[in-house]
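Quick notes on the structure that follows.
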Amino acid sequence: MADNEKKGIIKEFKEFISRGSVLDMAVGIIIGGAFTAIVKSLVEDIFTPILGMILAGIDFKSLSITIPWGNKPQIFYGLFIEAVVTFLLTALCVFLMIKAINKFRKKKEEEPDEPDPQIVLLTEIRDLLANGKTEEAQAKLEGKEE
């Protein structure tokens with residue numbers, strides 16, 4: 001690579017990193033990782049034991065199938081069930097957060113701004129012209145009220 005090409009790549013990389021969307025994405029990934037840890041703990045430490053208690057004391061971590069061939073590997077499908085429940089709860093939480101954000105944005109968009117006073121005046125003039133009241137207005141201006 002030539003020096004100019006290296007400088008161009010470095011400059012392009014700096015521009016890419018300094019964009020707001022990249023920084024927002026990085027923050028989202030960090031918060032998402034922490035949020036996933038919270039939901040995982042919620043599933044593993046609270047929901048799964050309660051569900052196991054309801055289902056006659058089943059411990060999901062011990063649910064497995066042993067394959068009778070070779071060195072008899074085990075398939076831990078209970079851990080898979082926990083992972084699926086974790087995913088579903090995480091997806092539900094993200095869905096509810098997005099729904100709340102969209103509702104907030106929708107309310108914000110629905111709130112109309114105060115109209116410009118010039119537009120209000122022009123609208124009143126237009127309405128007067130449409131109603132044929134210009135003769136009365138002209139008479140008032142000239143002091144010839146009827």
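All of the numbers you see were taken from the coordinates with simple rules; none came from a lab. Remember, predicted model here, so these are calculated numbers, not experimental data. Every residue, glycine among them, receives a Cβ derived from its backbone with ideal geometry; neighbour counts consider all protein chains shown.
Details
- VAL84 versus LEU51: modelled label distance in nm, points set 7 Å from Cα along the beta carbon direction: 0.9 nm
- DSSP-loop trypsin sites (Lys or Arg not before Pro) across segment 1-90, with at most 11 other Cβ within 10 angstrom: ARG19
- Net length available on complete extension from GLN74 to GLU12 is 17.4 nm, with 0.36 nm assigned per residue and the Cα-Cα distance removed.
- Under-27-angstrom lysine pairs by C-alpha in segment 1-121, whenever the two are 8 or more apart or on separate chains: 6
- Net length gained if the chain between ALA34 and ILE67 were fully extended (0.36 nm per residue, minus Cα distance): 8.3 nm
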